[in-house]
There are 2 protein chains.
Amino acid sequence: MSEKVTIYDIAEKLNITAATVSRALNNNPKIKESTRELVIKTAASMNYKQNKLALALKSGRSNNIGVIVPRIDSNFFASVIRGIEEELQPHGYQVIICQTHESKQRENENLYTLIDAQVDGILMSVTDVTSENDDAFNNVLQKNVPLIFFDRSKHIDGVSSVTINDFRGGYLTTKHLINEGCRHIAHFSGDQSLEIFKNRFLGYKQALLDHGIEFNEEYVIPVKSMVEAGKAAVDKLLQLETPPDAIFSSSDFAALGAIQELKERNISIPNEFCVAGFSNEPFTKFMELSITSVDQSPLEMGKMAARVFLEQVDKTDTIKIEKKVVLAPELHIRKSSSRTNF
Amino acid sequence: MSEKVTIYDIAEKLNITAATVSRALNNNPKIKESTRELVIKTAASMNYKQNKLALALKSGRSNNIGVIVPRIDSNFFASVIRGIEEELQPHGYQVIICQTHESKQRENENLYTLIDAQVDGILMSVTDVTSENDDAFNNVLQKNVPLIFFDRSKHIDGVSSVTINDFRGGYLTTKHLINEGCRHIAHFSGDQSLEIFKNRFLGYKQALLDHGIEFNEEYVIPVKSMVEAGKAAVDKLLQLETPPDAIFSSSDFAALGAIQELKERNISIPNEFCVAGFSNEPFTKFMELSITSVDQSPLEMGKMAARVFLEQVDKTDTIKIEKKVVLAPELHIRKSSSRTNF
DNA sequence: AACAATTATGTAATCGATTACACGAAAATA
DNA sequence: TATTTTCGTGTAATCGATTACATAATTGTT
């Protein structure tokens, strides 16, 4: 029962052609009103459902868009995806998810796979920008498939991006720490080949400069986005001749690790030491000692990326609009860095 | 440049037929070795990529599978999806994500949309089981598309599911609280029309019974999975004649709210009051007062659901294997309920 | 009434790949 | 050498929908 019903079945039943059925269902104005009604009624009664695959083959558009992220089980990326899905669903697009696990090879595979699957666009957060081999990206562009970067982007001509102002995020946070009286501010930096981390670092540096605080190379520690990494980094910092009195971490997880380590050493937060993170992961506000962090409005970022995609799709192929959307970061000041009062 | 290369282009170049090209590329044994090599080499040199849409139309299989969850930006669901994606990717399947936001209507829409998109299977966590209208589900089954429930399931003949033993989760947690000396254990329950919440409740009840503790209806509070809901529930509980001395919450977020409220009232945890949650959300172990919680092994659940799907797809259509996989919950005992020592 | 203009529908190609069937050529057998 | 197998390839239909073009049916015009 319930074998697939096609427009040919409807046509046969009504003694007309599949072409007429197709036109009737697509509101082609050349169809007699009575025929249209009859076809629509019959289609409904036969429980007809358009075969999207046939449509896709004919039109060359799959109505699927691909999203590539390092991993999906992080609040930030999951929220971005949520935003994308919510924005694109009403337009009839389905979202296909791929993860890179920070592997450039996986990223390339995913790109090729998505193109093979004939997606109508690719929204992604880049995994690795050091590689000089951009074949996979070029392949996407050559195929004229809209490509949009979010959060972690890469400079490629004709590619739009939606990011936050990481420089400003770093600047604001550092300035806040300075305002709280900290004068020896360390920085946990992520992989500086990624712009987001580079910019957070630069914002940090600029804030120091603007407030007459000397930049100290030793205070910058490369750190993975993990609790353990934060602990180890604190250990390292406290061995310095002049240990710092604050940390601006580009990762909430590392910030958490730092706090745990400082507590174990009975260093009082925020009195003796202030800590601020980045990303506004849910746990930062849940802690008893809530953690100051920079919100990246992931939901908004996802929606924005989706909107940029919608603008680019359907545009004349020849014109390449390169759009750079930069969202404002929002510093959430919490207990881990509030000496004044809370 | 780089116009789509088809097997016809290759055929033309080599002065053979598209059929031969197709067979050569598909390792059909009837093709002369020399021809095969030539075709493969030429295909590579022309940068040929198989059009998956054409293949999908011909074969009726899209190589996409749909995943429906209430929301993606929750650690649990995101992790399940991660598991699904990792397990299915090597088999050439792409994962399409849909969210219901706990709306039955959205759930139905998603089901129809995925079927329209010709997915090869649907893995989902049910949103609402109260509804008697199963048209959307029946539509899936009629179309012979494998349907697999994970976590939140629903009894439908021929539908497999992967869940955890929620009863046992509830039982273990409650027993643990009893072992810690609690005798008045309250329960934050989710929507009991969902089996997961029903079973956690039943496990809780059974543990009380088995340990000679009277079940008190007043101690069971229906609670949304939100921090605020937990606070309100505590407020309510403390007004009882005999307030409880412990809470087993079916939500980590509500458990967190409870802890916050108890702290505000200067009730000491775990000495005066023990709290345990459910889901093992990342924040539960990050808190200074870490929260006892039940782990649902979401990654494993996702992988398992994917494996069940792989078993069912390609099976003779007539045989309906109904597989019920039940994973073991794992209680993570933490500070919020550890009176003994930690 | 004869012809033009309009409207509705049919015919057939197309999207790109797969595959049952047919057929010619080469190899094996008698 | 004649005949049967085997092998390799070509022919053409198919998946389901869309659409340019052709044609039939209807209406309008003089």
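Which ones in the range A:161-186 are farther than 12 Å from A:ALA207 by Cβ and either in a loop (DSSP other than H, G, I, E, B) or out of contact with any Ser or Thr (no Cβ under 9 Å at 6 or more places or on another chain) (or both)?
Once the filter is applied, which keeps residues that are farther than 12 Å from A:ALA207 by Cβ and either in a loop (DSSP other than H, G, I, E, B) or out of contact with any Ser or Thr (no Cβ under 9 Å at 6 or more places or on another chain) (or both), the range A:161-186 yields A:ASN165, A:GLU180, A:GLY181, A:ARG183, A:HIS184.
Can you pull out the residues in the range B:1-27 that are near DNA strand D (Cβ under 7 Å from one of its atoms) and loosely packed, with under 14 Cβ neighbours inside 10 Å?
B:ASN15, B:THR17, B:ALA19
Do any strands (runs of 3 or more DSSP E) entirely within the range B:234-342 hold 2 or more residues that are crowded, with 20+ Cβ neighbours inside 10 Å and at pLDDT 95 or above, and if so, which?
Here the list reads B:246-249, B:274-276, B:293-295.
Give all pairs with beta carbons closer than 9 Å in which a residue from the range B:89-116 that is free of Cβ contacts under 8 Å to residues at least 12 places away in the same chain meets a residue that is assigned to a strand (DSSP E or B) and of a type in the set (A, V, I, L, M, F, W, C); count only pairs at least 6 apart in sequence or on separate chains.
B:GLN89/A:CYS98; B:GLN89/B:VAL95; B:GLU109/B:CYS98
Go through the range B:146-181 and report how many residues are of a type in the set (A, V, I, L, M, F, W, C), within 18 Å of B:VAL294 (Cβ to Cβ) and in contact with a Gly (Cβ under 8 Å, 6 or more places away or on another chain).
Counting residues in the range B:146-181 that are of a type in the set (A, V, I, L, M, F, W, C), within 18 Å of B:VAL294 (Cβ to Cβ) and in contact with a Gly (Cβ under 8 Å, 6 or more places away or on another chain) gives 3.
Quick check: anything in the range A:116-137 surrounded by 20 or more Cβ atoms within 10 Å (Cβ to Cβ), at positive phi and within 12 Å of chain B (Cβ to nearest Cβ)?
yes
Filter the range B:11-54 down to residues that are closer than 19 Å to A:LYS143 by Cα, in a helix (DSSP H, G or I) and within 9 Å of DNA strand C (Cβ to nearest atom), then give me how many there are.
Residues flagged as closer than 19 Å to A:LYS143 by Cα, in a helix (DSSP H, G or I) and within 9 Å of DNA strand C (Cβ to nearest atom) within the range B:11-54 amount to 3.
Given the residues A:ASP166, A:ASP157, A:ASP135, which is the only one that is out of contact with any Pro (no Cβ under 6 Å at 6 or more places or on another chain) and at pLDDT 90 or above?
Unique residue meeting the criteria: A:ASP166.
Can you name every residue in the range B:133-151 that is in contact with a strand residue (DSSP E or B) (Cβ under 8 Å, 6 or more places away or on another chain) and either assigned to a strand (DSSP E or B) or free of Cβ contacts under 8 Å to residues at least 60 places away in the same chain (or both)?
Residues satisfying the conditions are B:PHE137, B:VAL140, B:LEU141, B:VAL145, B:LEU147, B:ILE148, B:PHE149, B:PHE150.
Looking at this structure, is B:VAL220 touching a helix residue (DSSP H, G or I) at 6+ places or on another chain (Cβ under 8 Å) and surrounded by fewer than 22 Cβ atoms within 10 Å (Cβ to Cβ)?
For B:VAL220, the condition - touching a helix residue (DSSP H, G or I) at 6+ places or on another chain (Cβ under 8 Å) and surrounded by fewer than 22 Cβ atoms within 10 Å (Cβ to Cβ) - is met.
Out of everything in the range B:39-63 that is away from DNA strand D (no atom under 16 Å from the Cβ) and within 9 Å of chain A (Cβ to nearest Cβ), what residue ends up being farthest from the chain's Cα centre (by Cα)?
Going through the qualifying residues, I end up with B:ASN47.
B:GLU102 versus (1) part of a helix (DSSP H, G or I); (2) more than 16 Å from DNA strand C (Cβ to nearest atom): which is the lone unmet condition?
Unmet condition: (1).
Here are some residues: B:PHE248, B:PHE253, B:PHE215. Which one is free of Cβ contacts under 8 Å to residues at least 24 places away in the same chain and either over 23 Å from A:PHE286 (Cβ atoms) or touching a helix residue (DSSP H, G or I) at 6+ places or on another chain (Cβ under 8 Å) (or both)?
B:PHE215
Among (1) within 13 Å of DNA strand C (Cβ to nearest atom); (2) among the polar types (S, T, N, Q); (3) surrounded by 19 or more Cβ atoms within 10 Å (Cβ to Cβ), where does B:SER79 come up short?
Unmet condition: (1).
Inside the range A:152-194, can you point out the residues that are touching a residue at least 40 places away in the same chain (Cβ under 8 Å) and β-branched (Val, Ile, Thr)?
A:VAL159, A:VAL162, A:THR163, A:ILE164, A:THR173, A:THR174, A:ILE185
For A:ASN179, are the conditions met, namely being surrounded by fewer than 20 Cβ atoms within 10 Å (Cβ to Cβ), touching a strand residue (DSSP E or B) at 6+ places or on another chain (Cβ under 7 Å), modelled with pLDDT of 95 or more and away from chain B (no Cβ under 14 Å)?
no
Out of B:ILE68, B:ILE97, which single residue is closer than 21 Å to A:ASP73 by Cα, more than 7 Å from every other protein chain (Cβ to nearest Cβ), assigned to a strand (DSSP E or B) and in contact with an Asp or Glu (Cβ under 8 Å, 6 or more places away or on another chain)?
B:ILE68
The values are calculated or read from the model by the stated rules, or taken from the named source; none is laboratory data. Predicted model only: the values in this text are computed from it and were never measured. Counting neighbours? That spans all protein chains shown, and the Cβs are built from the backbone with ideal geometry, glycine included.
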